[in-house]
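The block underneath contains the structure these notes are about, expressed in structure tokens.
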Amino acid sequence: MSFVWFWTFWHWSKESFREGSLLRSPLHGIAGHWDEWFRHEASESDRAAIGMTGRTEVMQRRFIGWLLFRWSREADLPGNRPARHFVLGQLASVQPFKQWTAFEKYRTSYGIGGISAIVLTEASSGEPDNVRAVEALVLPADSTGSAVVAEDFQADSIELETPRRAAMSLLRGKGFLVFLALWIAGGRRPYPRWLSIVLALGWLAVGGLIIDLLAGPEPGDQLVLLSTTLLALWSGLVLVAITVTATQSSQAWRQGRRWCARLEQSQMRLHMNCGLTLKGGSAGLPFCLNTLLSLYRADTRSARHSWLWRRLFHKLHCEADTWAATGVITADGYLKPVVLEAKLRACLQRDGIKHILTPRQSGAGQRVINRLAASLNPPHQEPAVAPPSAGAARLGFAAENPVLCVHPCRHVAQALLHAGEFISVRQMALNVLAVAVSVVMLLAIPGLHGIILPPPVPIAMAPSSDSPGYLWISLGTENPEDFLVVLESKYWSNRRAPVTPHSGANGSMRAEIQLRRAPAPSDDDPEDGVVWVERRHRLLTREFAPGQRVGRYDLSYLNRLGHE
């Protein structure tokens, strides 16, 4: 009950807005409403209670804590921490809070941090002060205000609206598809370390089995087992990859739609404490990234439904003060070149900035960073030091100046991948291996199917050849390429022939063997001989040794088949 005077003010503000005597909503106009109430509506007891609260810094901080955790529930802001800081920032500029020490840090900043923009003043060659922190707040829409509001700086409306549209595209549009495609191509997966190792070994095993089957020794009786193992292992790995990718994509899409709907119904406030009028759109990239970050900060619990968004924004939220960005952004999220060297020099001189996001352009490489860093820190000659006396201990210190990491990007989706530390060279290499192995497996599936699930055994049938010099073996099968016919005879030369389709009046699936007498026949009977039907196993460019014999016919039977 120590702060009942603020409840009195808040209810007066809501009722006055409902009646129409106040033009702005209680949240957006809280500073002006408080000034009006404090000057003309507050009672003497209210003024006395406010004075008691402001006497000591302890009571001031107690009031700030009450605003953040108790009053926010009444204002329907329990989960929107940045909005609560907006209230503190607005109150910090009016009496009597303007004189309170506890409100000092809220007068120039909301205290939430953000990705810095690099705004050069006229004729600046790159100074530390050109790196300016940007804070973004998402508030309920104000019927009397625009969708994006600039605080402590001025900018053209199109330069504020375009980053907002790019952020909406990243949440639900073409930008989201670009982000998803880049993550699928080479982004980290939500696997524990042991599972990542198992999956990598699995893909290596699939590649090894393929090489063994195509170039290794004859597998013999192990052919079916090896083929089954290969197909099962590859199918399992593909199923895991598709399931994880589809699940994460679906969760990110649904959460992105919810955030996009909230952004459409909200007012975005961009704060940059510089007091400048921006010319050009080079601050578009940091504006877009901070807009996305503000949606996460407004409701961090909602990100738990999507690992992709949760990982991205958690890292960005914790490390936002170490990032800077520059780049003209389009509504689709693509980045255009900007004047860069002076901005890189400014970041190198600004303490705390470790990463910078830039458009992909000339002069955006790490070599340029190293050259600029060397020019800013020229080598100097160490003063001569007298040799230490005998027995004196010497200590050596090795220090390395931190180097700014530059991340060139063509699209803001790439910036998100860098900021969320999604890019993984190991995952990219594994994806290349998986794609190469999968292409080979898709081409090999017909051969594996013939090995694992062979077609039914064919039966010899008419028509047969009536020529004494040829032997026709017609087989009733729809898979002629999976069989071979072998003639074994003491009178005729042993022959092996494939089964091929033949068209025409006597069309059939048949093997043709030209009969030739053996050089020294051991039998005088021309009908002596046996015809075997063998399975034929092939995998891509390799044909394995003759497989199982599944049919046996006497030569005399085949010569009379269809002629009696």
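The values are calculated or read from the model by the stated rules, or taken from the named source; none is laboratory data. This one's a predicted model, so the numbers in the text were calculated from it and none came from an experiment. Quick reminder, even Gly has a Cβ in these numbers, built from the backbone with ideal geometry, and neighbours come from all protein chains shown.
No other residue among Ala419, Ala386 is at pLDDT below 85 and out of contact with any strand residue (DSSP E or B) (no Cβ under 6 Å at 6 or more places or on another chain) apart from Ala386. Of the residues in the range 437-453, at least one is assigned to a helix (DSSP H, G or I), modelled with pLDDT under 90 and not hydrophobic (A, V, I, L, M, F, W, C). One residue stands out among those in the range 28-53 that are of a type in the set (Ser, Thr, Tyr) and part of a helix (DSSP H, G or I): the one that is farthest from the chain's Cα centre (by Cα), which is Ser45.
Search the range 276-297 for residues being under 13 Å from Glu135 (Cβ atoms) and in contact with a Gly (Cβ under 7 Å, 6 or more places away or on another chain), and hand back the single one that is surrounded by the most Cβ atoms within 10 Å (Cβ to Cβ). Among them, the one singled out is Asn290.
The residues in the range 119-168 that are of a type in the set (A, V, I, L, M, F, W, C) and outside any loop (DSSP other than H, G, I, E, B) can be counted, and the count is 14. Does Pro463 satisfy the condition of being surrounded by fewer than 15 Cβ atoms within 10 Å (Cβ to Cβ) and more than 48 Å from the chain's Cα centre (by Cα)? The answer is no for Pro463.
Strands (runs of 3 or more DSSP E) fully within the range 471-538 that include at least 2 residues being among the basic types (Lys, Arg): 495-498. All told, Thr358 meets the bar of being modelled with pLDDT of 90 or more, closer than 25 Å to Met272 by Cα and assigned by TED's automatic domain parsing to the domain that holds Lys174. Does Leu270 satisfy being of a type in the set (A, V, I, L, M), more than 17 Å from the chain's Cα centre (by Cα), within 22 Å of Val328 (Cα to Cα) and not in a helix (DSSP H, G or I)? For Leu270, the condition - of a type in the set (A, V, I, L, M), more than 17 Å from the chain's Cα centre (by Cα), within 22 Å of Val328 (Cα to Cα) and not in a helix (DSSP H, G or I) - is met.
In the set (1) modelled with pLDDT under 95; (2) within 30 Å of Leu139 (Cβ to Cβ), Val224 fails one condition alone, (2).
Residues in the range 297-331 that are in contact (Cβ under 8 Å) with a residue 60 or more places away in the chain and not in a helix (DSSP H, G or I): Asp299, Trp323, Ala324, Ala325, Thr326, Gly327, Ile329, Thr330, Ala331. Note on the range 125-146: among residues that are more than 24 Å from Ile356 (Cβ to Cβ) and more than 29 Å from the chain's Cα centre (by Cα), the one that is surrounded by the most Cβ atoms within 10 Å (Cβ to Cβ) is Asp142. How many of the residues making up the range 332-358 are in a loop (DSSP other than H, G, I, E, B) and not aliphatic (A, V, I, L, M)? Total satisfying the criteria: 7.
Is there a residue being under 25 Å from Val224 (Cβ atoms) and in contact (Cβ under 8 Å) with a residue 40 or more places away in the chain anywhere in the range 518-529? Within the range 518-529 (the criterion being under 25 Å from Val224 (Cβ atoms) and in contact (Cβ under 8 Å) with a residue 40 or more places away in the chain), the answer is no, since none of the residues qualifies. Kindly check whether there is at least one residue in the range 234-249 that is surrounded by 17 or more Cβ atoms within 10 Å (Cβ to Cβ) and among the polar types (S, T, N, Q). Yes - at least one qualifying residue is present in the range 234-249. Put simply, of Ser2, Ser72, Ser21, Ser25 the only residue that is modelled with pLDDT under 90, assigned to a loop (DSSP other than H, G, I, E, B) and surrounded by 17 or more Cβ atoms within 10 Å (Cβ to Cβ) is Ser25.
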